[in-house]
Amino acid sequence: METKLAPPNSKVTVLIVDDDIQILQLLQSVLTQDDEYNVLLAGSGALALKQSKDFKGEIKVLITDFQMPGMSGIDLATAITVDRPKLKVLLMSGFPDGMLILNEGWHFLAKPFVSSQLRALVVGLAAPGKKSRFAGSVSEAEKGE
């Protein structure tokens, strides 16, 4: 059976941010198992902001913990989307009570989760035609109409 190698630029870049190294390693292993994703890792919001500024290509999806020391996932996502408005955001949390309301077209994944849940969400978010509910006016301009 022949394996088809994808061109290097065809990988989707995902930035994963969590202050728990075990979570970072788990998410990286889930997303890199079939070589579709280029994964960037950061252990804090400040490191993630630096990685986003230093990375010259497109970052398609940000996966970040909701609550981290120094900078929350919401603050991080807000800061990164200023420079990367097309970025899809997936917030994770282990909050046992209540419901997190997301008003920016962002998505949420409750911890603990199974790897298939994570993969399904990332595949959906990284799909080329998927736009957040706030990107409607941009899509007409992108189409050249």
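Look at Val39, Val114, Val123 and count the other Cβ atoms within 10 Å of each Cβ; fewest to most, that gives Val114, Val123, Val39.
In terms of surrounding Cβ atoms within a 10 Å radius of their Cβ, Ile21, Ile63 rank from fewest to most as Ile21, Ile63. Checking the cross-link pairs Lys11/Lys88; Lys56/Lys88; Lys56/Lys86; Lys53/Lys86; Lys60/Lys111; Lys11/Lys50 against a 19 Å limit on the alpha carbon distance flags Lys60/Lys111; Lys11/Lys50 as lying beyond it. The slack in the chain from Lys50 to Asp19, taken as 0.36 nm per residue of separation less the alpha-carbon distance, amounts to 9.6 nm. Annotation: amide H-H contacts under 5 Å for Leu109 (H modelled 1.01 Å from N, sequence separation of 5 or more, or interchain): Leu91, Met92, Ser93. Summing charges over neighbours of Ser44, with a neighbour being any other residue whose Cβ is under 13 Å away from its Cβ, gives -4 when K and R count +1 and D and E count -1. Counting every other Cβ atom within 10 Å of each residue's Cβ, Ile16, Ile23, Ile80 order from fewest to most as Ile23, Ile80, Ile16.
Scaled to the globular estimate 2.2 N^0.38 Å, the Cα spread of the stretch 21-78, given as radius of gyration, is 1.13.
In this structure, the amide hydrogen of Lys88, modeled 1.01 Å from its nitrogen in the peptide plane, lies closer than 5 angstrom to those of Val61, Leu62, counting only residues at least 5 positions away or on a different chain.
Readers should treat all values here as calculations from the given coordinates under stated rules, not as data from a laboratory. Predicted, not measured: the structure shown is a model, and the values here were computed from it. Virtual Cβ from ideal backbone geometry, glycine too; neighbours counted across all protein chains shown.
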